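Here's the structure, in structure tokens; my notes come after.
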Amino acid sequence: MHLVYPLSLFALAGIAIPLIIHLWNIKQGKTLKIGSIALLGKSSSLSAKSYKITDWWLFVLRTLLVILLTLLLAQPVLKKAFGKESQKGWVLFEKSQFPSIWKNNRTTIDSLMKKGYELHDFDLGFQKVNLSDTLAPDVAPNKNVLNYTALLSELNSELQNEFPVYLFSSHHLNKMGAELPPVSLNLKWMEIKPADTVGNWITKVANKTYESQSTPSSTSYKLLNENENVSTISALINEGNNAADAAYIKAALEAIGVFSGRSVKIKTWNNNAGFKSDAGLIFWLSDQPISRALIANLRPGTRLISYEPGKVIPIQSVIDLQTEGIGNDPVITLSKRIDAKNTPGQAIWTDGFGKPILSLESSGKIKHYHLYVKFNPQWTDLVWSEQFVKAIMPIVLSEQEETGSFGIEDHPRDQRVWNKNLQTTRYQPKSGTTAELTTTQPLNPGIWILALLVFITERILSLREKKEVKNA
């Protein structure tokens with residue numbers, strides 16, 4: 001048996017509480033009634049104290065209850081080792097893809113199963129699956145949103161050194177991460193090539209319609225509505241004391257205007273008094289919080305992006321610009337952020353710990369984007385990245401907010417494949433020794449039941465003792 005939190009055993013000091021209660025047993029003096037007290041002299045009142053345990057069963061039950069509660073805090077688990085004799089390895093795949101995988105690789109998978117390999121879903125948790133259930137025609141696609149980079153890292157931490165794994169999957173670029181991690185598994189990655197090697201779809205980006213054609217080597221886009229009339233981008237920027245941040249915003253807005261074919265009108269404003277504007281896009285870059293009165297004067301449909309007040313904390317993390325966790329975007333570093341007590345609305349961007357960096361609070365009148373980082377290289381390298389324009393484009397071009405992100409490369413029909421060397425994910429031992437593979441079984445459910453039984457028994461004995469003393 002192993003303890004997840006062994007320091008919780010210090011709570012065993014609580015055993016002293018029932019010990020003190022039972023040792024501190026004060027006996028009251030008895031009153032003896034007699035016929036005459038004439039011959040009795042005056043005496044002092046006496047009381048008797050006995051430092052010994054009388055109710056042993058109650059003491060044992062209460063002590064046992066303290067021990068069980070301490071074990072619940074320590075979270076004991078039972079580890080069971082398994083080796084090559086009990087489990088040969090895993091065969092991993094996405095359940096929805098298994099019928100086609102089985103059709104083309106039946107001989108290989110069947111031979112592995114005869115050797116003792118288990119079938120597991122290539123999804124968070126890596127649940128064991130049955131062959132009959134997996135071959136059913138109505139298997140739903142995985143709801144997992146993690147890319148292969150995250151899944152391989154999780155798999156490596158769960159199985160440890162030298163464990164044999166066969167992974168059957170496609171090598172599509174939109175399912176990979178930014179970089180595949182090194183693993184200590186004996187991993188054999190079997191590529192699944194789809195029947196269709198060309199994907200076609202129509203997509204709308206920045207008020208333009210594109211016809212997309214994707215092959216394993218590249219994806220091309222053909223503009224269909226180049227001559228359509230587009231509206232003007234009207235933006236208002238409150239610089240405050242962050243003029244450098246405003247310069248990055250202006251450059252991004254101009255780039256979006258060129259890309260979308262729109263005319264861009266940008267005005268700067270630093271005076272809160274008498275605010276009136278017809279701009280549909282407002283960047284509040286001042287360190288002073290925006291007033292409720294100013295928000296009330298905004299016209300319906302306005303998109304407001306504001307720096308949020310709060311404590312500035314240094315942090316070594318990244319910014320996740322896509323909550324779906326898909327694509328092959330470069331890493332955006334995060335050096336500072338605002339530590340706000342409240343983060344209203346839905347998270348749009350998050351840091352590496354899952355905390356909101358940009359959240360959207362929608363009301364019946366405006367869309368308010370709360371920003372917990374500054375557009376400044378001292379805070380993040382986002383403003384230097386090619387992803388900056390792509391990241392703020394859904395905010396600037398409001399009609400695209402309901403249709404999803406502007407990552408047209410992340411389309412499910414994208415046929416581009418990972419052309420880098422997959423040897424980076426091959427077997428790389430962490431040390432010179434082989435780690436013992438184990439499975440863990442939590443013991444807390446059984447301890448909860450035992451603690452409940454002990455508590456009920458203790459209450460019954462305690463109430464019976466009180467009843468007997470009262471009747472005596």
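Against the conditions (1) of a type in the set (Lys, Arg); (2) more than 23 Å from ASN241 (Cα to Cα); (3) out of contact with any Gly (no Cβ under 9 Å at 6 or more places or on another chain), LYS341 satisfies every one except (3). Taking first residues from the stretch 365-390 that are at negative phi and touching a residue at least 24 places away in the same chain (Cβ under 8 Å) and partners that are part of a loop (DSSP other than H, G, I, E, B) and of a type in the set (Asp, Glu), the Cβ contacts under 7 Å between residues at least 6 apart in sequence or on separate chains come to HIS370/GLU308; LEU371/GLU308; TYR372/GLU308; GLN387/ASP329.
Pairing each residue of the stretch 235-258 that is more than 24 Å from LEU294 (Cβ to Cβ) with any residue that is of a type in the set (Ser, Thr, Tyr) and surrounded by fewer than 19 Cβ atoms within 10 Å (Cβ to Cβ), provided the two are 6+ apart or on different chains, yields C-beta distances under 8 Å for GLY257/SER263.
Matching residues to (1) among the polar types (S, T, N, Q); (2) at pLDDT 85 or above; (3) part of a loop (DSSP other than H, G, I, E, B):
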position: ALA178; (1), (2), (3): no, no, yes
position: TRP201; (1), (2), (3): no, no, no
position: GLU228; (1), (2), (3): no, no, yes
position: GLU254; (1), (2), (3): no, yes, no
position: ASN272; (1), (2), (3): yes, no, yes
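Listed conditions (1) at pLDDT below 80; (2) closer than 30 Å to LEU151 by Cβ; (3) touching a Ser or Thr at 6+ places or on another chain (Cβ under 9 Å) are all met by ILE326, apart from (3).
Residues in the stretch 283-299 that are part of a loop (DSSP other than H, G, I, E, B), closer than 13 Å to GLY240 by Cβ and either more than 35 Å from the chain's Cα centre (by Cα) or free of Cβ contacts under 8 Å to residues at least 60 places away in the same chain (or both): 5 in all. Checked against (1) of a type in the set (A, V, I, L, M); (2) at pLDDT 70 or above; (3) part of a loop (DSSP other than H, G, I, E, B), LEU167 passes all but a single condition, namely (3). Among the residues in the stretch 321-328, are any crowded, with 17+ Cβ neighbours inside 10 Å and over 29 Å from GLN415 (Cα atoms)? The answer is no; no qualifying residue exists.
The values are calculated or read from the model by the stated rules, or taken from the named source; none is laboratory data. The model shown is predicted, which means the values in this text are computed figures rather than measured ones. Ideal geometry is used to build each Cβ from the backbone, glycine not excepted, and the neighbour counts take in all protein chains shown.
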